[in-house]
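Notes to accompany the following structure.
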Amino acid sequence: LVTGWHQWSLVQIALTASRKGIPIIVRGESNDIAVRPAWKRYLQRHFLGLFHSCLYIGKANKEFYLSRRVPSTALFYCPYFVENQRFQQDAVGAHGAAESLRAGWGAAEKDTVFVFVGKLQRKKCPHHLLKAFVDARSRGGGMVLVFIGDGEMRESLEREARQSGMPIQFPGFINQHEIGRYYQAADCLVLPSDSGETWGLVVNEAMACGLPAIVSDRVGC
């Protein structure tokens, strides 16, 4: 089983196994949400011919393989998943802690708390979310925005948040074993990423906690 082709070592494994006649399976994340040049599509089509079968993680990933002429008989559904039961249990057991978190964020009982979870990096477009939040809240309504995570854009986002005067919080990086209570404290996840987000597992996590999600149509999931 080869987990994609995003590293040269994975390509080497595929080429070596093919040369030795060893059947190989691939499970990658690629999709065609971002338009690819013809030469890259050509190379991908021939490279995928090395594999005995392909495991697709979702609809967009399946369409990617079919567009590269992988026969449907060589495709098998292998959904992208998280530990649903653990996230559900964490969320259920976090009710008291969630109330405390909301109070710390300055969220009133009827306020809507929007949460971003992930690295604060360009491809995830947190700056788009910040602008949209500022625009929406300036028209009225009780809303709070929470950026959970860290990254190269944090400093500029915090500066913009201060300048806006809006209730925007930056708790920083939160460990996986604690994140359930943050989902429980929120009302909606927002993932505004561009097509560099080939899936977006935070959407799985949020939904496992019963949280609705607003997701860009450039995101793989």
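The values are calculated or read from the model by the stated rules, or taken from the named source; none is laboratory data. The model shown is predicted, which means the values in this text are computed figures rather than measured ones. These area figures cover heavy atoms from the full protein model, side chains too; ligands, DNA and RNA do not enter into them. Shrake-Rupley method; radii C 1.70, N 1.55, O 1.52, S 1.80 Å.
Worth a mention:
- Entry note, the chain: relative contact order of 21 percent, from Cα contacts under 8 Å with a spacing of 6+ residues.
- Among F114, F51, F147, residue whose mean-square fluctuation peaks in a GNM of the chain (springs only between Cα atoms under 10 Å): F51
- Dividing the mean sequence gap of close Cα pairs (under 8 Å, 6+ apart) by how many residues the stretch 94-203 holds gives a relative contact order of 41 percent.
- With all protein chains in place and ligands, DNA and RNA left out, the 1.4 Å accessible area ranks T73, T112 as T73, T112, largest first.
- Theoretical ellipticity at 222 nm over the chain - DSSP helices of four or more residues, -39500 (n - 2.57) apiece, nearest 500: -12000 deg cm²/dmol
- Cα shape, the stretch 120-221, gyration tensor, a/c 1.5 rule: rounded
- The stretch 35-122 shape via C-alpha gyration tensor axes, a/c threshold 1.5: prolate
- Where W105, W8 fall by accessible area, highest first, once all protein chains stay in place (1.4 Å): W8, W105
- Probe 1.4 Å, all protein chains present, accessible-area order of I214, I25, largest first: I214, I25
- Dimensions of the chain along the principal axes, based on C-alpha atoms and rounded to the nearest Å, stand at 62, 37, 27, largest first.
- Stokes-Einstein D for the stretch 114-162, Kirkwood Rh over Cα pairs, 4 °C, 1.567 mPa s (µm²/s): 117
- Carbon/sulfur fraction of accessible area - the chain, other protein chains in place, 1.4 Å, %: 53
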